[in-house]
Amino acid sequence: MIIILLAYLSKEGIYSLGTIIRNRIPNSKIPTEKVFNKMKRGHSMEFVGNYNDVEISLTTWKDNKTVIMASIFADEKPLGKVMRYDKKTKIRVEIIRPHVIEEYNKHMGGVDLLDSIIARHKILMRSKKWCMRIFFHLLDLIIVNAWLLYKRVETDKKSENEKKKKNLMNLQKFKSEVASYLCKMEYNQNTKRGRPSNISIEQMFQTKRCKGTAQSVSCKDIRRDGINHWPIWSEKRIRCKFPNCKGYNQTECEKRKAGLCYNKVNNCFKIFHCM
């Protein structure tokens with residue numbers, strides 16, 4: 001039980017806190033969930049108990065759901081304030097937050113933080129099979145870890161002054177991009193020999209890309225999969241997508257819907273799908 005663990009850590013000189021389930025509290029005087037749901041959001045109550053000569057504070061706080069915190073060193077007061085989104089008024093409002101909640105959020109561990117991020121955009125499913133639930137949970141776990149690594153890598157690339165200018169993808173956008181790439185990417189056995197170019201087409205595209213809205217370039221895995229990249233005829237003249245070309249044509253890739261030159265002078269279509 002967490003109560004026994006907190007008391008043991010306290011005697012070892014380790015001050016700790018954490019969430020606790022209501023039915024894990026012996027001789028609990030905390031109001032039931034039904035009673036607490038009738039109270040205003042931000043309402044909190046504190047009870048102090050003693051276990052093996054160690055005082056343990058139990059603080060109950062109503063946010064979206066009722067949260068119970070057990071702590072050795074942090075109490076309900078001093079009360080702070082935090083912004084929360086109100087579904088009824090559809091605006092962010094200010095509510096009261098106990099000090100123990102603030103301390104918990106400040107020192108939240110990696111496991112709790114990961115669970116919190118997964119819950120924001122969890123893959124919804126109705127299957128009752130335990131194997132499917134484990135599979136989709138592991139899939140969520142992989143994507144969130146990949147997103148955290150993506151943010152760390154992209155942030156490290158830029159200096160402190162440039163961090164503010166760089167727009168990183170949020171988790172929802174990142175999951176959509178991963179799903180899009182996995183749906184379009186197929187296996188290709190005919191890989192080309194030789195040393196790859198030092199400059200990627202993504203870097204060349206960023207140099208060419210104009211200000212404002214523009215069609216994004218496909219990732220390398222999709223461009224080079226060799227599946228369904230057929231040249232088709234477009235009704236309108238469109239600008240060539242290849243970074244080193246400024247021409248206009250009526251040929252585009254059927255899979256990517258990107259305009260690419262395909263004539264006697266320029267064969268941007270082939271180069272685009274090989275780089």
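The values are calculated or read from the model by the stated rules, or taken from the named source; none is laboratory data. What you are looking at is a predicted structure, and each value in this text was computed from that prediction instead of being measured. Counting neighbours? That spans all protein chains shown, and the Cβs are built from the backbone with ideal geometry, glycine included.
Pairs are defined by a Cβ separation below 6 Å, a sequence spacing of at least 6 or placement on different chains, a first member in the stretch 60-84 that is buried (at least 18 other Cβ atoms within 10 Å of the Cβ), and a second member that is of a type in the set (Val, Ile, Thr) and not in a strand (DSSP E or B); the pairs so defined are Thr60/Ile30; Trp61/Ile101; Ile68/Ile20; Met69/Val100; Ala70/Ile2; Ala70/Ile20; Ser71/Val100; Ala74/Val100. Might you check whether a residue that is in contact (Cβ under 8 Å) with a residue 40 or more places away in the chain and more than 19 Å from Ile3 (Cα to Cα) occurs anywhere in the stretch 121-132? Checking the stretch 121-132: at least one residue is in contact (Cβ under 8 Å) with a residue 40 or more places away in the chain and more than 19 Å from Ile3 (Cα to Cα). Considered as a group, the residues in the stretch 114-151 that are β-branched (Val, Ile, Thr) and assigned to a helix (DSSP H, G or I) include one that is farthest from Asn167 (Cα to Cα), and that residue is Ile134.
Residue-level check: of (1) at pLDDT 85 or above; (2) closer than 20 Å to Asn105 by Cβ, Val48 misses just (2). Of the helices (runs of 4 or more DSSP H) lying entirely inside the stretch 194-275, the ones with 1 or more residues being surrounded by 12 or more Cβ atoms within 10 Å (Cβ to Cβ) and modelled with pLDDT of 75 or more are found at 268-272.
Scanning the stretch 2-25 for residues that are in contact with a helix residue (DSSP H, G or I) (Cβ under 8 Å, 6 or more places away or on another chain) and within 21 Å of Phe73 (Cβ to Cβ) gives Ile2, Ile3, Tyr15, Ser16, Leu17, Gly18, Thr19, Ile20, Arg24, Ile25. Within the stretch 1-20, residues that are without any contact (Cβ under 8 Å) to a residue 60 or more places away in the chain reach partners that are part of a helix (DSSP H, G or I) and hydrophobic (A, V, I, L, M, F, W, C) with beta carbons closer than 8 Å, at six or more positions or on different chains, in the pairs Tyr15/Leu9; Ser16/Leu5; Ser16/Leu6; Ser16/Leu9; Ile20/Ile2; Ile20/Ile3. The residues of the stretch 87-109 that are of a type outside the set (D, E, K, R) and in a strand (DSSP E or B), listed by number, are Ile91, Val93, Ile95, Ile96. Regarding Ile14, is this residue β-branched (Val, Ile, Thr), surrounded by 15 or more Cβ atoms within 10 Å (Cβ to Cβ) and modelled with pLDDT of 85 or more? Against the criterion (β-branched (Val, Ile, Thr), surrounded by 15 or more Cβ atoms within 10 Å (Cβ to Cβ) and modelled with pLDDT of 85 or more), Ile14 does not qualify.
Scanning the stretch 29-65 for residues that are outside any strand (DSSP E or B) and among the β-branched types (Val, Ile, Thr) yields a total of 3.
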